[in-house]
1. Suppose the filter is open to solvent by 70 Å² or more (accessible area, probe 1.4 Å), touching a residue at least 60 places away in the same chain (Cβ under 8 Å) and under 25 Å from ILE122 (Cβ atoms); does SER84 pass it?
2. With the structure loaded, tell me whether LEU93 is assigned by the TED database to the domain that holds SER119, more than 13 Å from the chain's Cα centre (by Cα) and in contact (Cβ under 8 Å) with a residue 24 or more places away in the chain or whether it fails that test.
3. Just checking, how many residues over the range 103-124 are part of a helix (DSSP H, G or I), open to solvent by less than 90 Å² (accessible area, probe 1.4 Å) and closer than 17 Å to SER92 by Cα?
4. Among ILE27, ILE56, ILE15, which is the only one that is more than 14 Å from the chain's Cα centre (by Cα) and farther than 30 Å from PRO121 by Cα?
5. Collect the residues in the range 73-99 that are farther than 22 Å from TYR58 by Cβ and either of a type in the set (S, T, N, Q) or in a loop (DSSP other than H, G, I, E, B) (or both), keeping them in residue-number order.
6. Out of all the residues in the range 37-59, is one or more free of Cβ contacts under 8 Å to residues at least 12 places away in the same chain and either open to solvent by less than 70 Å² (accessible area, probe 1.4 Å) or assigned by the TED database to the domain that holds PHE2 (or both)?
7. So in the range 63-81, with the set limited to residues that are loosely packed, with under 10 Cβ neighbours inside 10 Å and charged (D, E, K, R), which one is farthest from VAL40 (Cα to Cα)?
Amino acid sequence: SFIGEESVAAGAGSILTDNPTWIIDPIDGTTNFVHRFPFVAVSIGFVVNKKIEFGIVYSCVEDKMYTARKGKGAFCNGQKLQVSGQEDITKSLLVTELGSNRDPEAIKIILSNMERLLSIPIHG
């Protein structure tokens, strides 16, 4: 099976089943792309029994290929990636994205979450 982000965003229905399924977003960061902001990627995932098996993200402008496979780790251009190990959120950089849903109830939830995050003495 195939699920394409652009068709789902356009209103096409999609149901994730147990079948092997490719999930593809050919322009991940469409808003960035439209505004010529350089953080745009091609994102591809492969799911079996509703569980991710592997994913690939190609950051076009940066020419970076991110890959990850269940149980095998994550890589950038073939170099192994690992988390920082930082456990103290006050010493961490927080990055967030507001999403595209402008429904008033969704906005309330997003702003409430942002308020809670901003009350933590974080970087960023």
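The values are calculated or read from the model by the stated rules, or taken from the named source; none is laboratory data. If you're wondering where the values come from, they're calculated on a predicted model, not measured in any experiment. Backbone-built Cβ (ideal geometry, glycine too); neighbour counts: all protein chains shown. The area values use the complete protein model at the heavy-atom level, side chains included, leaving out ligands, DNA and RNA. Shrake-Rupley method; radii C 1.70, N 1.55, O 1.52, S 1.80 Å.
1. Values: open to solvent by 70 Å² or more (accessible area, probe 1.4 Å): yes; touching a residue at least 60 places away in the same chain (Cβ under 8 Å): no; under 25 Å from ILE122 (Cβ atoms): yes.
Against the criterion (open to solvent by 70 Å² or more (accessible area, probe 1.4 Å), touching a residue at least 60 places away in the same chain (Cβ under 8 Å) and under 25 Å from ILE122 (Cβ atoms)), SER84 does not qualify.
2. Values: assigned by the TED database to the domain that holds SER119: yes; more than 13 Å from the chain's Cα centre (by Cα): yes; in contact (Cβ under 8 Å) with a residue 24 or more places away in the chain: yes.
Yes.
3. Result for the range 103-124: 2.
4. On inspection, the qualifying residue turns out to be ILE15.
5. SER84, GLY85, GLN86, GLU87, ASP88, THR90, SER92, LEU94, THR96, LEU98, GLY99 - these are the residues of the range 73-99 that are farther than 22 Å from TYR58 by Cβ and either of a type in the set (S, T, N, Q) or in a loop (DSSP other than H, G, I, E, B) (or both).
6. First pass over the range 37-59, keeping only residues free of Cβ contacts under 8 Å to residues at least 12 places away in the same chain: 37.
So of that shortlist, the ones also either open to solvent by less than 70 Å² (accessible area, probe 1.4 Å) or assigned by the TED database to the domain that holds PHE2 (or both) come out as 37.
Yes, because at least one residue in the range 37-59 is free of Cβ contacts under 8 Å to residues at least 12 places away in the same chain and either open to solvent by less than 70 Å² (accessible area, probe 1.4 Å) or assigned by the TED database to the domain that holds PHE2 (or both).
7. Filtering the range 63-81 for residues that are loosely packed, with under 10 Cβ neighbours inside 10 Å and charged (D, E, K, R), the one farthest from VAL40 (Cα to Cα) comes out as LYS80.
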